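Colleague: Sharing a structure below in structure tokens format, with a few things to ask.
We did not get these values from a lab; they are worked out from the coordinates using the rules stated. Treat the numbers as computed from the prediction; the structure is a model and nothing was measured. When we count neighbours, we look across all protein chains shown, and the Cβ atoms used for this are built from the backbone with ideal geometry, even at glycine.
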Protein chains: 2
Amino acid sequence: MIQLKDLHSPADIKGLDRTELKNLAEELRAVLMKKLSAHGGHVGPNLGVVEAMVALHYVFDAPTDKLVFDVSHQTYIHKMLTGRIEAFIDPAHYDDVTGYTCPRESEYDLFEVGHTSTSIALATGLAKARDVLGGKENVVAFIGDASLGGGEALEALDYAPELGSNFIIVVNDNQRSIAENHGELYRHLEDLRNSNGTAPDNIFKALGYQYVYVREGNDIDELIRAFESVRGTDHAVVVHINTMKGAGLPVAEADKERFHYAAPFDLKSGAPLHPSGSEDYTDVFARHILDRMQADRRVIAITAGTPGAIGFTPERRKVTGKQFVDVGICEQAATAVAAGLVKGGARPVFGVMATFIQRSYDQLSQDIAINNLPAVVVDFAGGIHGIPDMTHLGFFDIAMASNIPNFVFLAPADADEYTAMLDWAIDQTEHPVFLRTPSSAVTHSGRAVNMDFFRYDVVSRGGSVAIIGAGDFFAMASEAAEILKKKGVEVTLINPRILSHLDTECLDSLKTYKTVITLEDGITDGGFGQKVAAYLGCAGPAVHVLGLKKEFLDRYDAERVLADNGLTPQQIVAIVVKD
Amino acid sequence: MIQLKDLHSPADIKGLDRTELKNLAEELRAVLMKKLSAHGGHVGPNLGVVEAMVALHYVFDAPTDKLVFDVSHQTYIHKMLTGRIEAFIDPAHYDDVTGYTCPRESEYDLFEVGHTSTSIALATGLAKARDVLGGKENVVAFIGDASLGGGEALEALDYAPELGSNFIIVVNDNQRSIAENHGELYRHLEDLRNSNGTAPDNIFKALGYQYVYVREGNDIDELIRAFESVRGTDHAVVVHINTMKGAGLPVAEADKERFHYAAPFDLKSGAPLHPSGSEDYTDVFARHILDRMQADRRVIAITAGTPGAIGFTPERRKVTGKQFVDVGICEQAATAVAAGLVKGGARPVFGVMATFIQRSYDQLSQDIAINNLPAVVVDFAGGIHGIPDMTHLGFFDIAMASNIPNFVFLAPADADEYTAMLDWAIDQTEHPVFLRTPSSAVTHSGRAVNMDFFRYDVVSRGGSVAIIGAGDFFAMASEAAEILKKKGVEVTLINPRILSHLDTECLDSLKTYKTVITLEDGITDGGFGQKVAAYLGCAGPAVHVLGLKKEFLDRYDAERVLADNGLTPQQIVAIVVKD
């Protein structure tokens, strides 16, 4: 029997017999539970695939054989088996690894992946390269946890068998999305499970795949048998494995949605170790929209498979009735459904993570904006205080969405402005609206909200310096203004609110100023400040455009990034003093 | 029998008997052929659905019943039947209608649609609104011509039956994409055709649809029978109709690819009426890439269903062998396949229309850029001289792609620079590259190309005015500089070449200038000039950022749009003279 600390590569498990493999799987699961409960992470997805990962690495020869993991939040066991066990058994090293596959960490990880539904297409590229360059390796895409219903996955599912060569898709069917599954594909998978893989009208066979069903996807023997049967195949195969999300941890098996991803928790009770009592913006959003829905059946909330991320907890979903749409992790369809709902007389509000709305760039443009349909898109976890993982960054949304014609891009500075903007967005029928939810703590300014959102809010006027602080960064602008005031420097303090359109009247009033500073919680390239700089480019003031550099960051410290980009009140003050 | 000129609305055909309907269809086809041959347009798609459109409007009651047409380039007959016959029978009115559904024209047209694969999701929104608001109408999505394989369509195909209410999809199976079909779905449709709809593993049944097959999709009787059988259904239905692309026009039936869309042509011979002998950039691209492919099997060209649009004619495709990938109209998969190909050791070059690469924003960012994979994406029909239809505009690509971290966005000013950039992009392995193909006539400057593309090319230096003309607009900058020179004003003339990164050394050399003018063939918002303006925002020169306004234009006159945006040499000269 191998000691975990001696587990350096998959070669170390090749010689184990079945009992040893099973014992190893249980040891890995125990280690995983200990780390997950202390550290947090994707609980259910990883516990569900312990055996599958062991069997994959037992049967296939990575890194020669190419394993591509969809969404890749279920690769903790894969990491343990490929030279990174220390990051799981030694708490001092817990943070040595990311939560996703990461080529910077290991040659066993082929791609940085965090969005769903990419694995089959990525693997298709690998298989095509192999076929052209003369390789013989197996190419395996491991997909599940609701990723299969995404358009990118379905496009490639359709295309891959045309290669006519070795191509293996493992469909990890844990019977779930993050929340409940949506879409007929999942009902179809259920039919296949219920019939031990024999249900008629098999979609994989329809698309030209050999189909292999594994009834016990947490049984190493069955898994090895299935994987061995397809290893070295000369055509496209789907291995459909029926796994249990959260397997081995009773609280995770019982509440699969809450334990999809969890912060540190008590292993027995499942209770969070550091309960957060504070209100957050997902609650503000969901409560407000739910009120609107109950008052007006035309108001329909939409999610693309992440209801929790927009505050629509299972309890809230229960009372929404027909007015809640979850299309599964299909942002493109969600966006187009919103367009159709508007055309049909409804008032849709599509809540979505800033990082995931990227999938819908074309649908925002074509389905909504060209048709100038007043759909409301509200994004979450935008800006530097969103999610600090490279694959889930939230600070590209301003550059992405604010440059699409017809869209009104709004960024509120506090909760009062936020709910006022939500109401305005729902009530007006002239413009598509993209509303960025703050990622800061919920605050209430108490200021009356001027509902003419095409105008900047000039909070105080004076001096020859203007600081324009957008959204979450208005607080930083205020703070800098306060410091300057104490130094005797009067400042014009502006909350622009709208980032897609310039308030030229307001900007014209700044033409005689000495200095104009713009602050935005996103990359400066393609953003708000550059528009201001261009508008004022032939006028008098020195314009300083502050925001984030155009780069992918990983597991960053937000305060440090802000300082690196000159985004602290003190640095802003220094610009003013120097100018 | 109704006279065509008296055809005002679908009500006018409800009372016709079958013989009259068939005669009407033949009359409409004859009118269509006459207009198409004289005016150009989507020939094959429209000729193939003459009977289907007549039958649809005979059976369903638009606009109460909602008809959503995918891609909508096949709606000419629909337009004839819904009050717009004059635009087809009277040459003086040929241009009264757009080539796509257009709500500005008619209440029978629900959405502006030009990209593929949107109809099912849009219709799902309409159906959901109906269900919530209490309507009873039929909702019909009409999809085909290779649109069904796109991710947005497949996402919605999966979701729609979950509504559990009336939902009708007509799959117009004309056995083609623009070029040959790709993807297993089309092989599956072939199986269904060959078995008169009875092949096993029916994908539509797998996804919960009732399935109805129409063997003769150009037979009005069969079509009416099928449509009547599903009208008023309380669940989701797919009606699979087998039609003939180009039906009734021998040259179009014989060469389906060339007659997918055609400029004016001779009805008998099919020969173009205004043959264009001049070289264009699709030829430059395809010839050059083909040379590279033949010299190096690692070089692989990718298309997403539009090989002709990137110069890969059927003749060229024949010699590419395994080194050519057509994934069908699936830009997302194509982009991810490119990422996989790089990882597998190949050098992929994905050629794509500027308007269609929008579908891949997330894949450009996540699959390619985060992984910093040196894939090469080359877009076509970008800028104001691209396609002047609202749904196919090409002047958003700079704002979209140049703000994605890691991507190097290049815009060549002539053919020599273009092929040099292609070579550089393929040969280097450090950066993902997005290369914008010029849309102007092919020119050769004869200047040596400086291969350090991170540096601007300062073509001439002098005076206190700099004109920085990007890509296609470098010629405009040159022309303005020439005029100014004649007026005795020396100008520094710059071809920036790279639009994603600033050449700060070059820009620093302009800080003492009086005037800097940037020109770009795209919207200024989010574009290149605003970056320059922000960089020089605290320096001396007045910066004028010239480019296009952020707006959707339709069937515009390019010269007029340029003038409206101050983009003529004379207007540029006027700025310099005034400053």
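Colleague: Can you check what the net charge comes to around residue B:386, using other residues whose Cβ is under 12 Å from the Cβ of residue B:386 (Lys, Arg +1; Asp, Glu -1)?
Modeller: -4
Colleague: Can I ask one more? With the alpha-carbon atoms as the only input, what is the per residue convex hull volume for the stretch B:457-578 in Å³?
Modeller: It is 97 Å³ per residue.
Colleague: How big is the charge dipole of the stretch A:4-254 about its Cα centre, in debye rounded to the nearest 20, if each Lys and Arg gets +1 on its Cβ and each Asp and Glu gets -1 on its Cβ?
Modeller: Working: 22 positive and 38 negative charges, 23 e Å.
Here the size comes out at about 120 debye.
Colleague: Could you give the spread of the C-alpha atoms of the stretch A:4-254 along their three principal axes, from largest to smallest, in whole angstroms?
Modeller: Here the Cα extents, ordered largest to smallest, are 48, 44, 34 Å.
Colleague: Taking the rotation axis that maps chain A onto chain B, which residue of A brings its Cβ closest to that axis, and at what distance in whole Å?
Modeller: A:151, 1
Colleague: Using the Cα centre of the stretch A:225-332 as the reference point, and only Cβ charges (+1 on K/R, -1 on D/E), how large is the resulting charge dipole? Debye, rounded to the nearest 20.
Modeller: Details: 14 positive and 14 negative charges, 68 e Å.
Taking the Cα centre of the stretch A:225-332 as origin, the dipole is about 320 debye.
Colleague: With charges only on Cβ, +1 for K and R and -1 for D and E, what is the dipole size of chain A about its Cα centre, in debye, rounded to 20?
Modeller: 780 debye
Colleague: I'd like the antiparallel share, as a percent to the nearest 5, of DSSP beta bridges with both residues in chain A.
Modeller: Beta bridges within chain A, antiparallel portion: roughly 10 percent.
Colleague: Set Lys and Arg Cβ to +1 and Asp and Glu Cβ to -1, take the dipole of the protein assembly as shown about its Cα centre, and tell me which of B:544, A:464, B:383 lies farthest positive.
Modeller: A:464
Colleague: Let me ask you something else. Tally the DSSP beta bridges in the stretch A:390-547 and give the antiparallel ones as a percent, rounded to 5.
Modeller: 20 percent
Colleague: Same structure again: So how much slack lies between residue A:255 and residue A:2, counting 0.36 nm per residue of separation and subtracting their Cα-Cα distance, in nm?
Modeller: Full extension from residue A:255 to residue A:2 adds 87.8 nm.
Colleague: With a cut-off of 18 Å, note down the residues of the stretch A:76-102 whose backbone N falls inside the zone around a label point 7 Å from the Cα of residue A:16 toward its beta carbon.
Modeller: A:76-90, by backbone N distance to the label point.
Colleague: Would you mind listing the distances between the residue B:416 label point and the same position in each other copy? Use 7 Å along Cα-to-C-beta, nm, one decimal, shortest first.
Modeller: Label-point distances to the other copies, shortest first: 6.4 nm.
Colleague: Further question on the same structure: Taking each full run of DSSP H in chain B as one helix, which ones are at least 30 Å long along their axis (Cα atoms) and have mean Kyte-Doolittle hydropathy of at least -0.5?
Modeller: Both cut-offs are met by B:18-39.
Colleague: With each pseudo-label sitting 7 Å past Cα toward Cβ, what's the residue B:94-residue B:574 distance in nm, one decimal?
Modeller: With each label point 7 Å from Cα toward Cβ, the separation is 3.5 nm.
Colleague: Please compute, over every Cα-Cα pair in chain B, the percentage with a separation greater than 47 angstrom.
Modeller: 19 percent
Colleague: I'd like to know which of B:210, A:575, A:44 lies farthest towards the positive end of the charge dipole of the protein assembly as shown, counting +1 on Cβ of Lys and Arg and -1 on Cβ of Asp and Glu.
Modeller: A:575
Colleague: Still on this structure, I have one more. For the protein assembly as shown, what is the Kirkwood hydrodynamic radius in Å, using each pair of distinct C-alpha atoms? List each step's numbers first, then the result.
Modeller: Details: mean 1/r = 0.0326 Å⁻¹.
Here the Kirkwood hydrodynamic radius works out to 30.7 Å.
Colleague: On the first, second and third principal axes, largest extent first, how far apart are the outermost C-alpha atoms of the stretch A:371-497 in Å?
Modeller: Reported extents, whole Å, longest axis first: 50, 36, 25.
Colleague: Between residue B:551 and residue A:233, with labels modelled 7 Å along Cα→Cβ, what's the label distance in nm to one decimal, could you check?
Modeller: 5.5 nm
Colleague: Would you mind listing the distances between the residue A:462 label point and the same position in each other copy? Use 7 Å along Cα-to-C-beta, nm, one decimal, shortest first.
Modeller: List, nearest first: 5.3 nm.
Colleague: Compute the length gained on full extension between residue B:442 and residue B:322: take 0.36 nm times their separation in residues and subtract their Cα-Cα distance, giving the result in nm to one decimal. Write out the running numbers ahead of the final one.
Modeller: Details: separation 120, 0.36 × 120 = 43.20 nm, distance 2.97 nm.
Full-extension gain reported as 40.2 nm.
Colleague: Related question: How far apart, in nm, are the 7 Å Cα→Cβ label points at residue B:294 and residue A:276?
Modeller: Result: 6.1 nm between the two label points.
Colleague: Counting other C-beta atoms within 10 Å, which of B:520, A:152, A:315 has the fewest, and how do the rest follow? Mind showing how you got there, number by number?
Modeller: Working: B:520 30, A:152 35, A:315 7.
Ranking B:520, A:152, A:315 by Cβ neighbours within 10 Å, fewest first, gives A:315, B:520, A:152.
Colleague: Here's a follow-up. Once you have the alpha carbon radius of gyration of the stretch A:182-230, what is it after dividing by 2.2 N^0.38 Å, with N set to its residue count?
Modeller: Against the compact-globule rule of thumb, the ratio is 1.21.
Colleague: So, one more: Which distances, in nm and shortest first, link the residue A:490 label point to the same label point in every other copy, taking 7 Å along Cα→Cβ?
Modeller: List, nearest first: 4.5 nm.
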